[in-house]
Amino acid sequence: MTMRARFYRAAGAAVQADERVALVLADIGVSALPRHPRVFNVGIREQLMIGVAAGLAMEGYRPVVHSYTPFLVERPYEQVKLDLGHQDVGAVLVSYGASYDGAREGRTHQAPEDIAILSALPGWTLQVPGHPDEAERMLMRALETDDRVYIRLSDEENDESVAGDGLVLLRDGPGPFVIAVGPTLGPTLAATAGLDLTVSYLSTVRPFPAEALRAALRGTDVVIVEPYLSGTSAAEISAALSDRPHRLLSLGVPNAEFRHYGDPQQHRAAHGLDASGIRAAIDRFNDRNRA
Amino acid sequence: MDMATATELGYDDLPALLTRLTGDEKHDWSALSMLEVLWVLYDRVLGTDDRFLLSKGHGPTAFYAVLAAKGVLALELLDGFGTFDSPLGHHPDRLLVPGAEIGSGSLGHGLPIAVGRALAGRGVYVLVGDGELDEGSNWEALQYAGRVGPETLAVVVIDNDSSTYHWPGGIEQRFALEGWHAVRVDGRDHDSLEAAFGDRASGQPVCVVAEMLK
């Protein structure tokens, strides 16, 4: 079952079991969710979707808002900033589509910028699950709080879920400290097979685990592999290590208009986020270190 | 509504409160487009469990004056209007202003939030301006609300013809077309305003266009 299917199953059960939970939709996902008095489909009106969620939160509900990534995050960005953030009310935003799940749909349905622009708003917990188990766990935890939480679902997923929160160390070695975010873990593990370096996993990217990175990092070289806009977490890492000499390689989706269709695997490869692309980038990074 | 009663003042006290806010003693306060509607709402209409959302957050002196007159705001807060440590800014912040249900300033946010609160069953009154209705987010909200009909929702439109391209035929016709119970009244006539807010139709939100034409 995909992350998206797991979300629909879990959210549908939550709205029936917990009278605080309300779902707010803009046509997307309606057919996969139960008809219920607290499932509000506002039609193709994303600004209203966020505003309604804010109003419900002011009345004590725990709104879960869901749409395709660009229509959830980018189109109603000012509503996210003001209706939720400035009004200081909580909601769980759950997106689907990630950076290039909609490869065939083209640029209008792709939002590799989502984490970067949400990072610009204070007070958000930003989560990038790499497996359906993680996605469901994040949703259930978010429902227990009144926080502002964003959960980024994707068709891309790792073979296995990772238990534990924060920065999870998976392999230890003297080479660069590699951070794989969400669904980049699979190709990152394949890319680094046989390399003597550290591999860690991160699925809650904001707040960024600065102290955990400082505690775990023994050398100077950091590689972060993010499934969204390249460099999104570079400033966080720079701030975390501001008193230490360090080098950083940020891998992610380039900041460019990418005018190709095809399938997500082709986009992943084109962005250098498949195993061979990640390996080549790490090799170049290591070569420059030796030069 | 958490209204203290200790310092409750009357309509005739509002000019002095406005002067206290702005330091301006010569202004014709009756020209403030929101003042009459706000007074009617707070003096005659709002019930204990109702909420008022000021969507048109521009020029909130009338709002602060009415809150102060009703004892929601301490009178001494009026003196620091707009200063660094004052909770009263040129656009209200709900975390700073007692009685402000939403922070507003960027136009077109109050009505969608009000729809959400009305869907939860709350009695909600939201004030927008005719110029504010240029913002498309309002139309997402009023179309949806007109169809699903939360009858605890009331919108008052302050119509001082400030929309650059105007609303030919009248704003109320557009609300009515979308399924609202919509009426136009003289925005300076307190009795007419009160009657309009009380004139509810089953299964429909209500829109009161308060005409404030110069």
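Just so it is clear, none of the values below were taken in a lab; they were calculated from the coordinates. Because the structure is predicted, anything quoted here is derived from the model rather than measured. When we count neighbours, we look across all protein chains shown, and the Cβ atoms used for this are built from the backbone with ideal geometry, even at glycine.
Along each principal axis, taking the top coordinate minus the bottom one, the Cα set of chain A gives 63, 40, 32 Å in descending order.
Taking label points 7 Å from Cα along the Cα-to-Cβ direction, residue A:235 and residue B:194 give a separation of 5.4 nm.
Spin-label model, residue A:147 to residue A:1: label points 7 Å out along the Cα-to-beta-carbon direction sit 2.4 nm apart. When +1 charges are put on Lys and Arg Cβ atoms and -1 charges on Asp and Glu Cβ atoms, the dipole computed for segment A:168-290 relative to its Cα centre reaches about 160 debye. Simple rule: put +1 on each Lys or Arg Cβ and -1 on each Asp or Glu Cβ in segment A:168-290, find the dipole, and look at A:269, A:237, A:285; the Cα lying farthest toward the positive end is A:285. In chain A, a dipole from Cβ-located charges (positive for Lys and Arg, negative for Asp and Glu) runs towards its positive end, and of A:24, A:67, A:42 it is A:67 whose Cα lies farthest in that direction. Using only Cα atoms and rounding to the nearest 10 degrees, what angle (0 to 90) does helix A:275-290 make with the longest principal axis of chain A? Tilt of helix A:275-290: around 40 degrees.
Ranking B:110, B:62, A:186 by Cα position along the charge dipole of the protein assembly as shown, where only Lys, Arg, Asp and Glu carry charges on their C-beta atoms, puts A:186 farthest toward the positive end.
Classify segment A:240-291 as rounded, prolate or oblate, taking a ≥ b ≥ c as the square roots of the eigenvalues of its Cα gyration tensor: rounded when a/c is under 1.5, otherwise prolate if a/b is larger than b/c and oblate if not. Prolate is the answer for segment A:240-291, as a/c is 1.5 or above and a/b outweighs b/c. Both radii come from the Cα set of segment A:59-101: Rg as radius of gyration, Rh as Kirkwood radius; their ratio Rg/Rh reads 1.01.
Give the Debye-formula value of log10 I(q)/I(0) at each listed q (0.09 Å⁻¹), with one equal scatterer per alpha carbon of the protein assembly as shown, two decimals each. At q = 0.09 Å⁻¹ the computed log10 ratios are -0.70. Give, to the nearest whole percent, the P(r) tail of segment A:168-290 beyond 18 angstrom, counting all Cα pairs. Cα-Cα pairs in segment A:168-290 separated by more than 18 Å: 49 percent. Its Cα centre serving as origin, segment B:11-211 has a Cβ charge dipole (Lys and Arg +1, Asp and Glu -1) of approximately 600 debye. Computed over neighbours whose Cβ is under 13 Å from that of residue A:162, the net charge equals -4, Lys and Arg +1, Asp and Glu -1. Report the local net charge at residue B:65: Lys and Arg +1, Asp and Glu -1, summed over other residues whose C-beta lies under 11 Å from its C-beta. Neighbourhood net charge equals +1. Computed on the Cα trace of segment A:86-193, the radius of gyration divided by the Kirkwood hydrodynamic radius gives Rg/Rh = 0.99. Extending 7 Å from Cα along the Cβ direction at residue B:58 and again at residue B:164 yields two label points whose distance is 1.1 nm. Each residue of segment B:36-43 is assigned a 3J(HN,Hα), and the resulting list reads 5, 5, 4, 5, 4, 4, 6, 8 Hz, derived from the Karplus form 6.51 cos²θ - 1.76 cosθ + 1.60 (θ = phi - 60°), x at Gly and Pro.
In a simple Cβ point-charge model (Lys, Arg +1; Asp, Glu -1; nothing else charged), the protein assembly as shown has a dipole of about 1620 debye relative to its Cα centre. Kindly identify segment A:3-153 as rounded, prolate or oblate by the Cα gyration tensor criterion: order the square roots of the eigenvalues as a ≥ b ≥ c, call it rounded if a/c is under 1.5, otherwise compare a/b with b/c, prolate if a/b is larger, else oblate. Since a/c stays below 1.5, the shape of segment A:3-153 is classed as rounded. Taking only the C-alpha atoms of segment B:11-211, Rg followed by Dmax gives 16.1, 47 Å.
Under a 5 Å amide H cut-off, with hydrogens placed 1.01 Å from N, residue B:88 pairs with B:82 among residues at least 5 apart or on other chains. Near residue A:132: Cβ cut-off under 12 Å, other residues only, Lys/Arg at +1 and Asp/Glu at -1. The net charge is -4.
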